[in-house]
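Participant: Below is the structure I would like to discuss, written out as structure tokens.
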Amino acid sequence: MRLACLFTTRVIRYSRFDMQPPEALQPGSESLQSTRHWFGVGVRHALRLPGLILASSFVGFAALAMQAGLPLSHTLFMSALVWALPANVVLIGAILAGASLPAAFLLVTLSSVRLMPMVVALIPEVRTDKTPRWVLYLLAHFVAVTSWVVTLQNVRDIPRERRTAYFFGLALALLAVNLVVVALVYAFAGDLPPIASAALLLMTPLYFLTSLWGSARERASHVAMLLGLVIGPVMQFAWPDGALLATGLIGGGLAYGWHRMKLRGGRS
């Protein structure tokens, strides 16, 4: 328990640090207008704490894939094509359960629907009037929680015409690092104990929670997260098959209602 508290404290500290504009983002930079420069800044940001935590989670995912009997080629293909870690875990669960291809497709799709609001929030921040649509479609593929959080934390300090270059540098570096991690686990690590795999997979949502808490712009977001932490375990016992959906609907709905009541109270 002490280790968990210490880890959470460190993550919050580093999450707040990442929210501060780094020197490379200062307006006085000589490479302010260089696409290559901002691509490189994105690559460097991928090697910070969020990227390292995501890489550690992919260690657990690779071990899970090995235990499921998937060959390296299939696991690399899943990692690159599906990309989002929870969707990959859902896909492996479907494979282990013997689900048909349409059923597995549906499960992964439902798991990835949660990323749609992130795409909707990110695109207006990075696009310009001259950005080709194919660039935005390609960018949308790489939207996952880590790349989304890091980009939104720094996007206001990046020239608008260079934001897509920054995001692609960040996303491609995250993808490349995690593909290498998967290959290394298959080559050297062997089978990890199930408890170790689960612990590594848990590190990413722990970072997501602390990072989203630090970057939230409205109190309603904090209320929604707190409600999710309380309602989630209850729904897991009451309705295991739909716990995540029910938690999101109930917690998000209550937080939205609280936010509307607060706005009305401020106007009166």
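Participant: So how much slack lies between Arg48 and Asp157, counting 0.36 nm per residue of separation and subtracting their Cα-Cα distance, in nm?
Facilitator: Numbers: separation 109, 0.36 × 109 = 39.24 nm, distance 1.77 nm.
Contour length minus Cα-Cα distance gives 37.5 nm.
Participant: Which shape class, rounded, prolate or oblate, goes with segment 157-268 when its Cα gyration tensor gives a ≥ b ≥ c as root eigenvalues, a/c under 1.5 marks rounded, and past that a/b bigger than b/c marks prolate?
Facilitator: Numbers: a/c = 3.46, a/b = 1.35, b/c = 2.57.
In terms of gyration-tensor shape, oblate.
Participant: How would you order 73-85, 50-62 from highest to lowest mean count of nearby Cβ atoms within 10 Å?
Facilitator: Working: 73-85: 17.2, 50-62: 22.3.
Highest to lowest by the protection proxy: 50-62, 73-85.
Participant: While we're on this one: Sort the following peptides by mean Cβ neighbour count (other Cβ atoms within 10 Å, averaged over residues), highest first: 97-108, 172-183.
Facilitator: Packing proxy ranking, top to bottom: 172-183, 97-108.
Participant: Quick check for you: which residues of segment 193-232 have the amide N under 15 Å from the point 7 Å beyond the Cα of Leu254 toward its beta carbon?
Facilitator: Only 220-232 fall inside the zone, counting backbone N under 15 Å.
Participant: Given labels modelled 7 Å from the Cα in the Cβ direction, how far is it in nm from Ile95 to Glu125?
Facilitator: Label-label distance for Ile95 and Glu125, simple model: 3.3 nm.
Participant: Let me ask something additional. What is the fewest-to-most order of Ile250, Ile195, Ile231 by other Cβ atoms lying within 10 Å of their Cβ?
Facilitator: The order, fewest Cβ neighbours first, is Ile195, Ile250, Ile231.
Participant: Classify segment 106-230 from the C-alpha gyration tensor, please: rounded if a/c falls under 1.5, else prolate or oblate depending on whether a/b exceeds b/c.
Facilitator: Details: a/c = 1.97, a/b = 1.26, b/c = 1.56.
Since a/c reaches 1.5 but b/c is at least a/b, the shape of segment 106-230 is classed as oblate.
Participant: Also, I was wondering about something else. Taking the highest mean first, how do the peptides 132-139, 221-228, 252-259 order by number of other beta carbon atoms within 10 angstrom per residue?
Facilitator: Details: 132-139: 12.4, 221-228: 17.1, 252-259: 14.9.
Averaged packing, sorted descending, gives the order 221-228, 252-259, 132-139.
Participant: Separation of segment 158-187 and segment 220-266 by C-alpha centroid, Å?
Facilitator: 32 Å
Participant: Here is a follow-up. Along the Cα→Cβ direction, 7 angstrom out, place labels at Val230 and Leu106. What is the inter-label distance in nm?
Facilitator: 3.5 nm
Rule-based calculations on the coordinates, nothing more; no lab input. Everything numeric in this text was worked out from a predicted model, so none of it was measured. Heads up, the Cβs are rebuilt from the backbone with ideal geometry, glycines too, and the neighbour counts pull from every protein chain shown.
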